Every structure is written in structure tokens, then in C-alpha cells.
Amino acid sequence: MACLYCKGEMREGTTVFTVQLETCPVVVKNVPCLECSQCGEAEISDETMQVPERIIETCKKPIQEVAVVDYQSA
């Protein structure tokens, strides 16, 4: 598979997914992805994205200042 931006080779890797909620930033580490070997662009599949979405929903409930979650332990 080729990168949509630079046409470099996509390889399996991990990335950090970050979202800013009203109450706090949420950081999900070690999210599986395809990463471009040339420009570093990361692509997360729809299936994989379901886990960070659940984490984000969970973080909306309690009042937190910062949430950092490891994908593998979620």
C-alpha cells in the first residue's frame, strides 16, 4: 500500500492518537497503524479506531485534567 500524501511505502507500526475534550486532553499511546516510511504519516483503520473512541467516551464521564491511556491495556 502506498501513502496517500507522498506515495511512500506504508509499514505496520504504532502511533499516538490525541483528542482535546472540553474537560481534558486524551492521549492514547501505542495505537496500531500503518505508517509511511518516507513522510511518517499514520493511517488508523476503522476497526482499530473503535478502541480509542471507547476510551474517549469513558474519559468524558469523570472529571479529569489529562488522560493518557495505553492502547494495549484498554
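The values are calculated or read from the model by the stated rules, or taken from the named source; none is laboratory data. No experiment lies behind these values; they were computed from the predicted model shown. For neighbour counting, all protein chains shown are included, and Cβ atoms are generated from backbone atoms with ideal geometry for every residue, glycine included. SASA here: full protein model, heavy atoms, side chains in, ligands and nucleic acids out. Shrake-Rupley method; radii C 1.70, N 1.55, O 1.52, S 1.80 Å.
Heavy-atom accessible surface of S37, to the nearest 10 Å², is about 60 Å², with a 1.4 Å probe and all protein chains retained.
Leaving ligands, DNA and RNA out of it, report the carbon-plus-sulfur percent of the accessible area of the chain at a 1.4 Å probe. Carbon and sulfur together cover 48 percent of it.
Report summary: the helix-based calculation at 222 nm, which adds -39500 (n - 2.57) for every DSSP H run with n ≥ 4 and divides by the residues of the chain, gives -6500 deg cm²/dmol. Sequence-ordered 3J(HN,Hα) estimates for the range 18-30 from the Karplus curve with 6.51, -1.76 and 1.60 and θ = phi - 60° stand at 10, 9, 9, 8, 4, 8, 6, x, 10, 10, 10, 8, 6 Hz, glycine and proline given as x. Taking every Cα-Cα distance in the chain and sorting them into 5 Å bins starting at zero, the pair-distance distribution P(r) comes out as 3, 17, 24, 19, 15, 12, 7, 3, 0 percent.
How would C39, C6, C33 rank on accessible area, largest to smallest, probe 1.4 Å? Don't jump to the answer; show the numbers that get you there.
Working: C39 70, C6 40, C33 10 Å².
The residues order as C39, C6, C33, largest area first.
Close amide-amide hydrogen proximity is noted between T14 and C33, each under 5 Å apart and 5 or more residues distant or on a separate chain (H modeled in the peptide plane; Pro and chain starts excluded).
Between M49 and A2, residue separation times 0.36 nm minus the direct Cα-Cα distance comes to 14.9 nm. To the nearest ten degrees, helix 46-60 and the longest principal axis of the Cα atoms of the chain are 20 degrees apart.
Select from the chain those chymotrypsin sites (Phe, Trp or Tyr not before Pro) which occupy a DSSP coil region and have at most 14 other Cβ atoms within 10 Å, ordered by residue number.
Of the chymotrypsin sites (Phe, Trp or Tyr not before Pro), the ones in loops of the chain whose Cβ has at most 14 other Cβ atoms within 10 Å are Y5.
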